[in-house]
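Have a look at the structure below, then the notes.
Every read-out reported here was derived from the displayed coordinates using simple, explicitly stated rules and does not represent laboratory data. Since we're looking at a predicted model, the values are computed, not measured. Note that each Cβ is placed from the backbone with ideal geometry, even for glycine, and that neighbours are counted across all protein chains shown.
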Amino acid sequence: MDRKILYSEKYFDDNYEYRHVVLPFEVAKLLPKNRLLAESGWRKIGIEQSCDWEHYAIHLPEPHIMLFRRPLQNQAHRPIHSQFQNLTVQDK
């Protein structure tokens, strides 16, 4: 079983830059259910990324995949990949 935290490539829409982080199942099962994590929470479980990322939604079918976003700083961006356009997420 893979015990590494995996980071997606970044993807974009008109307002945000996004990435998802895949947690090992043994880490994910320790997380509180249906609750978004503040930066201090996701850092405690070993996620390493700059401080401007927000854990903004929970993908209920796969709670071990954490969804992050941050406001676009640079307007030169790519559209969201079509595979992510139909995700069902739970907002804050």
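Defining a contact as two alpha carbons under 8 Å apart and six or more residues distant in sequence, what relative contact order in percent does the range 6-79 show?
Working: 102 pairs, mean separation 30.8, N = 74.
Contact order relative to length: 42 percent.
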Counting just the Cα atoms, what span does the range 6-79 cover along each of its three principal axes? Round to the nearest Å and put the largest first. 38, 25, 20
Just to confirm a number: summing +1 for Lys and Arg and -1 for Asp and Glu over residues other than TYR16 whose beta-carbon lies under 12 angstrom from that of TYR16, what do you get? -1
